Each structure stands twice: as structure tokens, then as C-alpha cells.
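The values are calculated or read from the model by the stated rules, or taken from the named source; none is laboratory data. The model shown is predicted, which means the values in this text are computed figures rather than measured ones. Cβ placement follows ideal geometry from the backbone for every residue including glycine, while neighbour counts extend to all protein chains displayed.
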Amino acid sequence: MKLNVKLLRKGIMGLSIACASLIMLGTGPVEAKGPVPAVKTEVKQTSLTEARINAVLKEAYEKFKNDQGGKNADYIKALAEVDSKIFGITLVTPNGKVYEIGDTKAEVSIQSISKVFTAAKVMQEKGAKFMQEKIGVNATGLPFNSIMAIELHKGSASNPFVNAGAIQSTSWVKAKDSKERWAKIKQNMDDFAGKKLNFNKAVYDSEVNDNKRNQAISKLLDAYGRMGSDPLEATTVYTKQCSVNISSHDLGVMAATLANHGVNPETGKKVLDKPLVPKLLAIMATAGLYDNAGDWLYLAGAPAKSGVGGGILAVVPGKMGIGVVSPPLDPYGNSVRGQKAAAYIIDKLGINPLAQ
């Protein structure tokens with residue numbers, strides 16, 4: 001029997017069209033498969049209006065102003081004598097708008113928050129690779145003043161926010177002598193704050209005569225070839241940088257300078273090259289709040305740094321810098337009210353950087 005190929009082709013084509021029509025006339029649309037989502041999820045963005053920021057700022061202050069948790073650091077006599085009732089919160093945006101409440105002009109010593117700005121100075125002078133290779137950018141897993149951590153990491157301080165790394169950072173600031181080194185470190189902090197910060201001689205005198213452990217740390221680092229200057233000289237300058245006074249307003253501006261890609265929002269001065277800012281913020285995220293850095297990041301998602309003087313600064317890149325001063329500390333050495341207030345503000349304004 002002969003088949004009419006032409007007719008057979010027409011029949012197959014008609015059958016295909018009919019089948020396609022039946023599919024299209026089925027009970028409903030075909031469910032999407034694979035990477036194409038069947039339903040779009042709407043992401044709700046919080047509006048950062050002035051009214052909203054002021055309302056959340058006031059809420060945070062009222063909510064935590066009577067919190068009695070923690071106590072002043074007492075291993076440094078001058079810190080134990082600071083008024084524990086001081087509580088100031090300042091928010092500064094990249095365009096220089098300031099929102100603040102409470103004791104925003106009250107000053108405490110900057111202590112370990114200074115480590116951020118000296119590390120920034122070293123990175124500005126020597127680059128990000130130098131920081132990573134010579135000092136380190138990892139958490140130690142041990143206390144901030146640990147000597148054991150240096151030995152366990154084969155002479156590495158691990159990061160610039162533990163005492164060992166901070167003393168190292170100080171030693172690597174380019175200078176011909178101690179006087180020039182101190183002048184450059186202090187000027188750099190002033191540039192971040194947009195003003196001349198006061199020096200607290202009482203705190204310095206209290207610390208400089210009782211920094212034997214830091215001296216030992218510096219000498220051990222020197223034995224490993226990690227120091228850029230005389231170890232005892234660097235330790236003395238490091239103690240000076242910790243003795244600079246700051247207020248919550250100062251911290252807010254300093255944090256906002258980092259939120260504004262290294263440009264001070266009040267003075268317009270570029271303090272840190274833009275490509276270096278995320279590198280510095282990464283170290284803050286992993287090692288900024290001593291042994292509690294992980295819990296803080298889990299809660300707030302923002303790079304932050306604290307000091308045993310009672311200050312804390314947090315950076316929300318592109319949105320704002322947060323500065324809080326409140327001397328009573330938790331067991332890790334972080335301001336109790338400072339952490340709570342900053343985390344509350346970040347949450348209520350919907351600006352957690354990891355949730356964007």
C-alpha cells in the first residue's frame with residue numbers, strides 16, 4: 001500500500017495544533033517551575049524621615065535611660081570615678097544632619113574605640129594588604145589583652161582591635177619619633193571628629209603607670225619582628241591615644257565619616273580613601289565588641305566598636321553613624337545601655353545592613 005506522505009504530514013500538523021489548543025483550554029494556567037517565582041514578594045522599606053528618626057531616638061532614650069545593668073570599669077581608677085548616669089545618643093547622617101538626645105556633650109575617654117582610627121591611619125599610609133599580612137584581620141577567640149593568642153598565632157596579633165594589634169598599628173604609623181607619631185595619631189582622630197578632641201591627662205596618668213601587660217605584649221611582638229618602632233615607645237603612644245576624650249556627638253560624627261565612605265560629613269574632609277572603608281568595617285564587624293562581637297552582629301548587623309570608657313559607635317554604611325556614651329559595662333567590656341540603644345535604633349528604623 002502506498003502512503004500519501006503529503007496528506008500524512010498535514011494530519012500530524014493538525015493533530016499537534018489540536019493538542020496544543022486542548023492544553024491551552026485546560027483548567028487553569030500552568031504552574032511556573034524552576035527559578036521563576038510564581039508569586040512576587042513585596043519588600044517593605046522603612047522611610048527614614050526626620051520625624052521617624054526623632055521618634056525612634058526618643059523611644060530608645062526613654063526605654064533604656066533607667067537601665068541599671070553593668071558597672072564602670074574599675075581596673076583603671078580614673079574610669080571608676082566617671083559618672084555612671086551619663087547617657088547620650090547621637091545619630092549623624094552622611095549629609096551631616098544630626099539627631100541627638102541626652103548627655104550628648106558629656107565626655108569619657110575613648111579607650112579602645114581609638115583603635116579603629118589608628119588602624120585606618122595605617123591602612124591609609126600602607127594599604128589594606130599590609131594590614132592583613134603584618135597585623136591580621138581575624139578574631140583571636142581569646143580576651144582582648146591575651147598574650148597566649150600571640151603565641152598560638154605564631155607571633156601574629158590577629159587583628160588591630162585587640163591590644164596587641166592596636167600597639168602594632170601605633171608602631172607602624174610613619175614617624176621619625178614618638179612626638180611625631182602621637183601628633184599624627186591625634187590629628188587623625190580630630191579629623192574624623194571634625195574638631196580638636198580634648199586629652200584626658202588624669203586617665204593617661206592612671207594608665208601609663210599600670211600598663212605592664214601591654215609592655216610585655218609589645219616586647220613579645222618585637223621578638224617576632226612585628227613592630228614598626230621601639231615597643232615601649234609604641235606602648236606609651238598607644239596609652240595616649242586611649243586617653244583622648246569623646247562625647248556621643250563626637251562618636252556620631254566619627255561613625256558618620258565611615259558611613260559616608262571616609263568623608264567627614266561636617267567638614268567635607270576626606271579622612272580615609274573610599275576603597276579602604278569596607279575593609280575597616282569588616283574588621284569592626286568581626287572584632288569590634290571584644291568577645292561579644294558575634295552576638296552583636298547577629299543582633300544588629302552593623303559594624304561597631306566599643307571602649308571600656310563607656311562609648312560605642314556603630315556604622316550603617318550610606319545611612320548613618322551612631323554614637324552612644326554610657327559608662328556602665330557588661331562582663332565583656334561593652335556599654336550596656338549603649339548596645340541596647342544602638343541595636344534598638346537599628347531595628348526600629350529597619351536599617352540592619354545585613355537585611356537590606
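Given Val173, Val162, which one is of a type in the set (Val, Ile, Thr) and at pLDDT 95 or above? I'd like the intermediate steps shown before the answer.
Working: Val162 fails: at pLDDT 95 or above.
Of Val173, Val162, the one residue that is of a type in the set (Val, Ile, Thr) and at pLDDT 95 or above is Val173.
Only one of (1) at pLDDT 95 or above; (2) of a type outside the set (Lys, Arg); (3) touching a helix residue (DSSP H, G or I) at 6+ places or on another chain (Cβ under 7 Å); (4) surrounded by 24 or more Cβ atoms within 10 Å (Cβ to Cβ) is not met by Ser247, so which one is it?
Just one mismatch for Ser247, condition (3).
So that you can scan it fast, the table gives a plain yes or no per residue for (1) among the acidic types (Asp, Glu); (2) closer than 13 Å to Ser335 by Cβ:
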position	(1), (2)
Val56	no, no
Tyr61	no, no
Asp74	yes, no
Ile86	no, yes
Glu100	yes, no
Thr104	no, no
Ile110	no, yes
Ala120	no, no
Met123	no, no
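Starting from the stretch 182-203, keep only residues that are assigned to a helix (DSSP H, G or I) and of a type outside the set (Phe, Trp, Tyr), then list their pairs with residues that are at pLDDT below 95 and surrounded by fewer than 20 Cβ atoms within 10 Å (Cβ to Cβ) whose Cβ atoms are within a distance under 6 Å, requiring at least 6 positions of separation or different chains.
Ala202/Ala78; Val203/Ala78
Are any residues in the stretch 119-159 at pLDDT 85 or above and on the phi > 0 side of the Ramachandran plot, and if so, which ones?
Selection gives Gly127, Gly136.
From the list Pro317, Pro353, Pro327, Pro265, pick out the single residue that is over 13 Å from the mean Cα position of the chain (by Cα) and surrounded by fewer than 24 Cβ atoms within 10 Å (Cβ to Cβ). Outline the logic, then answer.
Details: Pro317 fails: over 13 Å from the mean Cα position of the chain (by Cα); Pro353 fails: over 13 Å from the mean Cα position of the chain (by Cα); Pro327 fails: surrounded by fewer than 24 Cβ atoms within 10 Å (Cβ to Cβ).
It is Pro265.
Find the residue count for the stretch 52-106, including only residues that are among the polar types (S, T, N, Q), surrounded by 14 or more Cβ atoms within 10 Å (Cβ to Cβ) and part of a loop (DSSP other than H, G, I, E, B).
4
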